[in-house]
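The structure appears below as structure tokens.
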Amino acid sequence: QVQLVESGGGLVQPGGSLRLSCTVSGSIFSINAMGWYRQAPGKQRELVAGIRGRESTNYEDSVKGRFTISRDIAKDTVYLQMNSLKPEDTAVYYCNAAITDLIRKTTSTYWGQGTQVTVSS
């Protein structure tokens, strides 16, 4: 069974930084792409950043230049470094991964449980 476990959320003042981590465990054949989404109260879930391989990345416009997604392939872990945080970044952040499982060799999308990020003075 595949699991995504997130960590690193919390409360931070405007202008501060946080780093989120998401580690994949279970019967994995390959991880094809990973990403971070967020959902603020009353809003739809949106893609914040995605990564394929080690260096192919994409970002939502409002976080470009402030957030950096990276991946440690050996550790099956994806990170989201968030700098210059703003109150509008407040949301629950979810890790997402497209994974081919070891047994059936089928590819499915998996989600983490979510981690709260609150930016407030």
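Some values worked out for this structure:
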quantity: Peptide ranges 91-99, 11-19 listed from the most packed, as the mean C-beta count within 10 angstrom indicates; calculated: 91-99, 11-19
quantity: Relative contact order for the chain, counting Cα pairs under 8 Å that sit 6 or more residues apart, in percent; calculated: 36
quantity: Share antiparallel - DSSP beta bridges, the chain, percent rounded to 5; calculated: 95
quantity: Amide H contacts under 5 Å for Val2, placed H, 5+ residues apart; calculated: Ser27
quantity: Carbon/sulfur fraction of accessible area - the chain, other protein chains in place, 1.4 Å, %; calculated: 46
quantity: Burial order of peptide ranges 101-111, 72-82 (average beta-carbon count within 10 Å, highest first); calculated: 72-82, 101-111
quantity: 10 Å Cβ shell holding at most 16 others, DSSP loop, GluC sites (Glu not before Pro): longest site-free stretch of the chain; calculated: 61-121
quantity: Amide H partners (placed H, <5 Å) of Gly114, local residues excluded; calculated: Glu6, Cys95
quantity: Kirkwood Rh in Å, taken over the chain so that all alpha-carbon pairs contribute; calculated: 14.5
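The values are calculated or read from the model by the stated rules, or taken from the named source; none is laboratory data. Keep in mind that what you see is a predicted model, and the values were worked out from it rather than measured. Note that each Cβ is placed from the backbone with ideal geometry, even for glycine, and that neighbours are counted across all protein chains shown. The area values use the complete protein model at the heavy-atom level, side chains included, leaving out ligands, DNA and RNA. Shrake-Rupley method; radii C 1.70, N 1.55, O 1.52, S 1.80 Å.
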